[in-house]
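Mind looking over this structure? Questions follow.
The values are calculated or read from the model by the stated rules, or taken from the named source; none is laboratory data. Fair warning: this is a prediction, and the values are worked out from it, not measured in the lab. So basically every Cβ, Gly included, is an ideal-geometry build from the backbone, and we count neighbours across all protein chains shown.
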Amino acid sequence: MKLSGVTVVDFSQFMAGPMTTAMLADHGARVIKIEPPGGDPTRHGPRSRPGQATGDSFQVLNRGKLSVVLDLKAPADQEAALDLIAEADVVVESFRPGVAERLGVGYAAARARNPDLVYCSLSAFGQTGALKDLAAHDTVVQGLAGAFAYDAEGRPTPPSVSLAGVAAALFAMSAILMGLLSARAGNGGEHIDISMHDAALAVRGGMTAAALAAREDPRAFRPEIGLALTETYRTLDGGWLCLGAREPRTIVALLKLLGMAELVEIADKPPGRDQAALRAALTATIASDTLDNWMEHLAPLAGAVGPVLTYAEALAHPHTESRGIILTDEDGAPHLNTPIRFAREPSTPNLRVATLGQDGDAVPGRSPSGAPSEG
């Protein structure tokens with residue numbers, strides 16, 4: 001696979017860091033996960049399947065990795081970690097700024113052992129800045145990054161996806177791969193600083209220019225709230241239909257199919273109260289029939305309209321199955337395949353989920369149990 005021969009030492013926990021290293025592992029990297037004596041906290045989280053040995057989050061984000069237990073407060077284990085770093089290509093850590101240094105595995109100590117090392121630090125707010133020492137959950141980071149959506153009444157709605165963590169993981173993986181290219185070109189290693197807050201700020205696309213222009217008077221900036229043809233509407237059978245009509249041609253076609261051609265002018269008005277009449281008409285009309293019937297009736301505009309599925313329904317959708325994104329391990333447990341598809345050399349993710357400390361012999365001079373070898 002693409003990353004065969006790349007060794008990653010992973011000190012990260014929870015989501016962003018483990019997602020980064022899981023993606024690297026899925027494409028052939030040898031990832032050595034360093035866990036404290038009690039293990040990554042997500043090992044002990046909720047389980048969805050009978051007999052499942054680890055928590056759901058841990059199973060998803062840590063498959064295909066080796067597990068080594070090290071107490072980084074102990075000098076001997078700090079030295080063992082540095083021995084691993086000396087032979088690695090990449091380090092990923094998600095401690096708060098300054099903690100890796102206190103534990104003896106910060107960038108300066110790592111670089112002294114391995115000048116070509118690509119060292120990635122992932123944190124909520126980055127290694128510098130006013131909030132750098134603050135640990136925060138994804139929802140709070142998104143709130144501080146202006147990433148919440150708003151309903152038609154202007155109320156912020158809690159996110160259902162850990163956007164800041166996922167975006168940070170994707171930026172981290174990209175940066176790591178760029179760092180590896182540079183190191184292998186003879187330019188030496190690099191310290192990468194990835195902030196979940198930075199990542200959440202950077203994924204807003206076309207809204208970014210307007211927000212930047214409003215920095216001197218932030219209250220003048222108005223998120224796009226109440227655009228009637230990009231909202232969700234309840235159907236007769238309790239389902240939800242999502243509309244995504246933004247282009248003039250699509251707006252006209254959709255309203256004609258719904259028997260509302262006379263309301264096209266309202267769709268051109270500013271979002272919010274000016275579109276209230278259109279929103280009310282859509283609410284009443286879509287509530288008059290079932291989701292399946294609406295999908296059949298609106299089939300000519302598939303892609304501009306669609307059902308709102310739960311995550312489980314999305315995984316059970318025929319398209320998901322046809323893409324081969326569900327894999328099954330030797331115990332019959334399902335896993336998601338990587339979304340990164342190569343035509344000539346497809347990935348073959350390792351679905352093994354290591355028990356705590358299972359791979360202690362990955363540390364030079366240690367037995368499989370993690371204890372120092374005799375002799």
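Does segment 225-266 hold any residues that are acidic (Asp, Glu) and under 34 Å from the mean Cα position of the chain (by Cα), and which are they?
The answer is 231, 237, 247.
Of the conditions (1) buried (at least 17 other Cβ atoms within 10 Å of the Cβ); (2) closer than 23 Å to residue 14 by Cβ, residue 174 fails just one. Which one is it?
Evaluating residue 174 over (1) buried (at least 17 other Cβ atoms within 10 Å of the Cβ); (2) closer than 23 Å to residue 14 by Cβ leaves (1) as the failure.
Could you please find all residues in segment 180-213 being part of a loop (DSSP other than H, G, I, E, B), at pLDDT 85 or above and either of a type in the set (D, E, K, R) or at negative phi (or both)?
189, 202, 203, 204
Restricting attention to segment 214-260, which residues are in contact (Cβ under 8 Å) with a residue 60 or more places away in the chain and assigned to a loop (DSSP other than H, G, I, E, B)?
Answer for segment 214-260, where residues must be in contact (Cβ under 8 Å) with a residue 60 or more places away in the chain and assigned to a loop (DSSP other than H, G, I, E, B): 223, 225, 226, 231, 239, 244, 245.
Still on this model: Could you list, in sequence order, the residues of segment 112-143 that are of a type in the set (A, V, I, L, M, F, W, C) and modelled with pLDDT of 95 or more?
Matches in segment 112-143: 112, 117, 118, 120, 122, 124, 125, 130, 131, 140, 141.
So, one more: All but one of (1) closer than 24 Å to residue 160 by Cα; (2) surrounded by 15 or more Cβ atoms within 10 Å (Cβ to Cβ) hold for residue 275; state the number of the condition that does not hold.
If we test residue 275 against (1) closer than 24 Å to residue 160 by Cα; (2) surrounded by 15 or more Cβ atoms within 10 Å (Cβ to Cβ), just (1) comes out false.
May I pose another question? Quick one: which strands (runs of 3 or more DSSP E) lie wholly within segment 273-375 and hold at least 1 residues that are touching a Pro at 6+ places or on another chain (Cβ under 7 Å) and more than 21 Å from residue 67 (Cβ to Cβ)?
326-328
Quick test of your reading of the structure: residue 289 fulfils all but one of (1) of a type in the set (D, E, K, R); (2) in the same structural domain as residue 69 (by TED's automatic domain parsing); (3) touching a Ser or Thr at 6+ places or on another chain (Cβ under 9 Å). Name the failing condition by number.
Among (1) of a type in the set (D, E, K, R); (2) in the same structural domain as residue 69 (by TED's automatic domain parsing); (3) touching a Ser or Thr at 6+ places or on another chain (Cβ under 9 Å), the lone unmet condition for residue 289 is (2).
Mind listing just one residue for me: the one in segment 28-76 that is more than 15 Å from residue 353 (Cβ to Cβ) and among the charged types (D, E, K, R) and, of those, surrounded by the most Cβ atoms within 10 Å (Cβ to Cβ)?
My answer is 30.
Could I ask something else about it? So, in segment 261-272, exactly how many residues are surrounded by 15 or more Cβ atoms within 10 Å (Cβ to Cβ), of a type outside the set (Gly, Ala, Ser) and in a helix (DSSP H, G or I)?
Counting residues in segment 261-272 that are surrounded by 15 or more Cβ atoms within 10 Å (Cβ to Cβ), of a type outside the set (Gly, Ala, Ser) and in a helix (DSSP H, G or I) gives 3.
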